[in-house]
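The next block holds one structure in the form of structure tokens; read it before the comments.
The values are calculated or read from the model by the stated rules, or taken from the named source; none is laboratory data. Remember, predicted model here, so these are calculated numbers, not experimental data. Don't worry about glycine lacking a Cβ; one is built from the backbone with ideal geometry, like all the others, and counts go over all protein chains shown. These area figures cover heavy atoms from the full protein model, side chains too; ligands, DNA and RNA do not enter into them. Shrake-Rupley method; radii C 1.70, N 1.55, O 1.52, S 1.80 Å.
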Amino acid sequence: MKAEPQPADIKAAQDVIASFQKARKSLRMYPSNNPIYVRTIEDVFRRLDNILEIGPLELGVRQNEILFGDTPVYAASGMEDNLAFFFFKDGLREISFKSGLTLEETREFLEAISQDSGMDEDIVTLLWEKDLEHIKYVIDENFLLEDETYETEAVLHAREETTPEEDLKRAHSEAFSSSTPMSAPEIVPLSSADFEELMREVRLDSADKLIKLISILFDILSDCQPALYPEVAGIIKSALEHSIRKGDLSSALGIFSAMDAVPPEGPVSDLLKKEMKKVQAHASSLELVKELGAHLDSGQIRDEEMLIDYVRRLDSSAIASLIAVLGDLKTMEARKTIMNALAFLGSKDLNALAKGLSDPRWYVVRNIIHIFRKMEDRRCVDFVIKASRHSDVRVRIEVIRALGELGGQGVIQTVRDALDDSEFSVRSSAARALGMLKTEPSRMILMQHMAGKDFMQADFNEKKEFFEVLSGWNSPESEAYMIKCLRAGSLFHKGRTDELKACAAYALGLMGAKNALPLLHKLRDSKNKTISDYAFNAIKRIEYGN
Amino acid sequence: METKEPEQDRPFRDLVSQLAVVIRTSQLHNPANEAVVTAIEKMIPLINGLLEDESSIQVELVGEYFYVNENRVKFTMEHLLNFDFLQKEFAKRSVGSISFLCPVAVENIQNFLSVFIACQYAPDPYEALVAGLAQEKCIDPGVVRRISVDGEHDLRRAVKKTYFNAVSFTKGVMNKLKAGERVNIKKAKRIVESMVDLLLDREEFLLGMTAIKNYDEYTFHHSVNVSILSVALGQKIGLSKKDLMELGLAALFHDIGKTEIPPLILNKPTSFTDEEWNVLKGHPVHGVRMIFRMKSFDDSSIRAAIVAYEHHMHQDHSGYPGIKKLKDLDLYSRIVSLADQYDGMTSSRVYARVPMTPDKALSLMSKRAGVQLDPLLFKFFINLVGVYPIGSLIMLDTRELAVISGVNNGDFQRPKMILITDGEGNKITPVAASLTEKDGLGRYTRNVMRTLDPVKYKINIAEYLL
Ligand SMILES: [Fe+2]
Ligand SMILES: [Fe+2]
């Protein structure tokens, strides 16, 4: 490239670097299949491609500047997002793009510079591994230099004793007088069968290394001094963390099954078990459970059975972690899986699970109640009841549903109270819950409520629903009550009474109450359209079963 | 927008691969044979297709890589056999490149093949090839691109610098670990990367550094030597650059557990008691611990830990540590075991042991192949170091003595050497020569009669190789 860059080139170089910076942001923000991600790379490629038509693009790197010729085309200060320093810190001093650069190479380059510079990675290693043909770089050699005097001293020492002439002479004469045969093995030329065998071996070897390391670590543990237990267990802990961060549940499970092999008795075993407990505690920590959640959300972990297998290995502190994570999950699938996991762990420690009921997020509370509900364990009732006065109606509905399904003496009072809830949906759930319980007391509570003044004031749908629930008992008492309703006549509240008649007709129909037929036929001719319609439908249902 | 597919160098790779197939087939059959013609017919569209966009196509061998029109051809394992074969065929004839200048037909390639096959028996194969192809306007051979004397000098200096830097780095790492200080693993990777680069560039220079065994500090040199030998073997079996780095790193740290062995035992000049042996045998386990003290969990530390643990285990599990459930040794462990045994046997270690000559070491290893050592990898290993590995002292039929200094890719039986005496056994100013040199009648100028033990005669190899 020309010694004196043209102004237009400078502008283009500036733009390219600006596009690198933009790309670093986008690539970090979006997954690689996102259109923005793809477009960003194409944009940088187009810019580079245009420049490279004229000649290679060579950039100098200083601590806080990137140079094109002698002209700074990028400047920054501080460490934050400083592209110049990002290259500089690893010893990179010059970077050049050659014509022939491909889109693929551009992508690899941008992905390399968009890495969060982790502890063990550096940009030079990343570029080296990618081995990009059209992107070259120059490194400051001193960057790697350890001890400059070492070479000089080692060479001096190695060459110190020059071979004495007389020794050479002696070697020569002895060599030609001796007849010791050659010991060198013969070289067998490599055949295509060797190459095929090699490929097979290499393929076989690509199996998971982590699993192997895990078994090595447990081998070490079974054989080493107790003084080393903490350190080796610490490595196992890191191995577990590593596998969870990668979403590799089977390796994590491998660790737990290896733990089972730890001998169950003896003083040594106690020490060992203590260390293993630490590993388990780490697996149960919020930090790692969060990782698990993220992998569930992203779909990396799909196998629910395996996940449950894994979760059953965690200690009860995992319950709090799972609850915390539950509220942050984005996908339905992930939530469902975590809830199943919680149901499993929670059944062994209801108190820990119940702590989730004080979570500030209403949906978490509802999820916890849902879990209790699905446990079908009456011991859950006491916990569920605690949330019956929750400020969010959606929680209260779930509470009542859960109580209805869990059943037992303990639920009655709470359900009865819910019949007076300010929200219709809660009252209706309470009625259904009573229906679920289907006991005499619950029927009586329901009928009592229906006989009350407030019920008369309720709107038609609510009434209809309550009658429908009552029809579920199909008992003489409910039938009698409904027939009574059909007969009722009132000068006052005529509208309300008519609503009751219609609802009673509907419910008798559901019950298939033949005794009610004469009355229903009568009401068939009612002037009130609603009553006559409901009576007609009920008759049809009773007589023809539909 | 036109998106270039990542497989864009595919036609180049296919061409190199097919050229190998064509040459190999024509070594078995005459160029008019149907099998040869079929192979040629497969290659012609590759050449002519590329010629649509380019005025000529040049297939060139530089160092360990093939280039097509200056584009380095990356290859994967499936191509290893063909690439390896073609490399040797080029080297045998001192051919650096073959260019196709215009679209070719079957007859052009057949002409080329008959000359190419025949010329290897000529005293100067390359000259014979050029003469034989004088009439062939479309196909043009080229010489091996030699690095200039200056370039070679620079390269040798870079090799030395890299080698000793790696040794002093290893020393630093081991001392830091002993002192419980943090170790910069980034730097370790970078040092291995520079070794990989040098091996890919001119393998023999860095390999030559491992042949000098009389350094002061065995453990550090040994670590670097094992790393170099492992990477060189890894390269022979077609591992990618990234894999080579992981292998080199694992090999560099294979004995890192020795930092936990008391120096009194480690440097003991006499042989070990049983108890001392047991302490020493703990170094693979300590190695695993040390790896994870240095480095967080990732693919490369996992592999390094496995290698540190398994490098004395032996393929047949006759070594240590003993384990309950037998598992196959990791590929890298098997590679490092070979390199480790070879370097260990040929080094003068602190404890009362005399180093073995390289050929003795190889013959002992060949007995272990299939028992302790992986026989297939050993085959590749011996093809790497040759029958007379670098550093061997040899006696020639001209009654001269010489030190082997490098491998000839075309002929493993005939490496490069440095003559150190005349026919009477008088010490001379060292002269570079090659066992492949022939006289005017096509006979080899020098042949090896046997190897000698330099230690026995106090011959300092380093004097000639450094
Ligand atoms: Fe070792
Ligand atoms: Fe070793």
Selection count, the range B:67-81, where residues are open to solvent by less than 20 Å² (accessible area, probe 1.4 Å) and touching a residue at least 60 places away in the same chain (Cβ under 8 Å): 2
Total residues in the range B:313-343, condition within 11 Å of chain A (Cβ to nearest Cβ) and in contact with a strand residue (DSSP E or B) (Cβ under 9 Å, 6 or more places away or on another chain): 1
Condition check for B:TYR464: modelled with pLDDT of 85 or more and either at negative phi or surrounded by 14 or more Cβ atoms within 10 Å (Cβ to Cβ) (or both): no
Subset of the range A:87-146 [open to solvent by 50 Å² or more (accessible area, probe 1.4 Å) and among the small types (Gly, Ala, Ser)]: A:SER99, A:SER117
Only listed residue being without any contact (Cβ under 8 Å) to a residue 40 or more places away in the chain and either open to solvent by 40 Å² or more (accessible area, probe 1.4 Å) or over 26 Å from B:GLY234 (Cα atoms) (or both), chosen from B:LEU46, B:LEU51, B:LEU101: B:LEU46
Subset of the range B:350-391 [within 11 Å of another protein chain (Cβ to nearest Cβ), over 16 Å from the mean Cα position of the chain (by Cα), open to solvent by less than 50 Å² (accessible area, probe 1.4 Å) and touching a residue at least 12 places away in the same chain (Cβ under 8 Å)]: B:THR357, B:ASP359, B:ALA361, B:MET365, B:SER366, B:ASP374
Those residues of the range B:307-320 which are away from ligand 2 (no atom under 15 Å from the Cβ) and in contact with a helix residue (DSSP H, G or I) (Cβ under 8 Å, 6 or more places away or on another chain), in sequence order: B:GLN315
Which numbered condition A:THR40 misses (of (1) more than 20 Å from A:TYR137 (Cβ to Cβ); (2) open to solvent by less than 40 Å² (accessible area, probe 1.4 Å); (3) touching a helix residue (DSSP H, G or I) at 6+ places or on another chain (Cβ under 8 Å); (4) at pLDDT below 90): (4)
Scan of the range B:184-202 for residues that are away from chain A (no Cβ under 11 Å) and over 16 Å from B:ALA251 (Cβ atoms), ordered by number: B:ASP201, B:ARG202
Subset tally (residues that are in a helix (DSSP H, G or I) and open to solvent by less than 80 Å² (accessible area, probe 1.4 Å)) for the range A:386-404: 10
Condition broken by B:GLU64, with the remaining ones in (1) buried (at least 21 other Cβ atoms within 10 Å of the Cβ); (2) at pLDDT below 90; (3) not hydroxyl-bearing (Ser, Thr, Tyr) satisfied: (1)
Extreme residue, farthest from B:LEU362 (Cα to Cα), among residues of the range B:388-444 that are in contact with a helix residue (DSSP H, G or I) (Cβ under 9 Å, 6 or more places away or on another chain), hydroxyl-bearing (Ser, Thr, Tyr) and assigned to a strand (DSSP E or B): B:THR421
Any hit, the range A:198-209, residues being aliphatic (A, V, I, L, M) and touching a residue at least 12 places away in the same chain (Cβ under 8 Å): no
Identity of the residue in the range B:302-338, open to solvent by 20 Å² or more (accessible area, probe 1.4 Å) and part of a helix (DSSP H, G or I), that ends up farthest from ligand 1 (Cβ to nearest atom): B:ARG303
Matching entry among B:VAL21, B:VAL59 (being touching a residue at least 12 places away in the same chain (Cβ under 8 Å) and either more than 26 Å from the chain's Cα centre (by Cα) or open to solvent by less than 30 Å² (accessible area, probe 1.4 Å) (or both)): B:VAL59
Residue match in the range B:250-267 (condition: in contact with a Lys or Arg (Cβ under 6 Å, 6 or more places away or on another chain) and away from ligand 1 (no atom under 16 Å from the Cβ)): no
Close pairs (9 angstrom Cβ cut-off, 6 or more residues apart or separate chains): in the same structural domain as B:HIS311 (by TED's automatic domain parsing) and touching a residue at least 60 places away in the same chain (Cβ under 8 Å) in the range B:325-349, near ligand 2 (Cβ under 10 Å from one of its atoms) and open to solvent by 10 Å² or more (accessible area, probe 1.4 Å) anywhere: B:ASP340/B:HIS312; B:SER347/B:TYR218; B:SER348/B:TYR218; B:ARG349/B:TYR218
Selected residue [away from every other protein chain (no Cβ under 13 Å), within 15 Å of ligand 2 (Cβ to nearest atom) and at pLDDT below 90] from B:LEU266, B:LEU252: B:LEU266
Any chance B:ILE404 is of a type in the set (Val, Ile, Thr), open to solvent by less than 20 Å² (accessible area, probe 1.4 Å), under 18 Å from the mean Cα position of the chain (by Cα) and at the interface with chain A (Cβ under 9 Å from one of its Cβ atoms): no
Qualifying residue in the range B:205-216 (condition: open to solvent by 20 Å² or more (accessible area, probe 1.4 Å) and part of a helix (DSSP H, G or I)): no
Answer residue from the range B:410-435, given it is within 17 Å of B:ARG93 (Cα to Cα) and among the polar types (S, T, N, Q) and is least open to solvent (accessible area, probe 1.4 Å) among those: B:SER434
Odd one out for B:ASP243, checked against (1) under 26 Å from the mean Cα position of the chain (by Cα); (2) surrounded by fewer than 24 Cβ atoms within 10 Å (Cβ to Cβ); (3) within 16 Å of ligand 1 (Cβ to nearest atom): (3)
Residue tally, condition away from ligand 2 (no atom under 14 Å from the Cβ) and hydrophobic (A, V, I, L, M, F, W, C), over the range B:199-230: 8
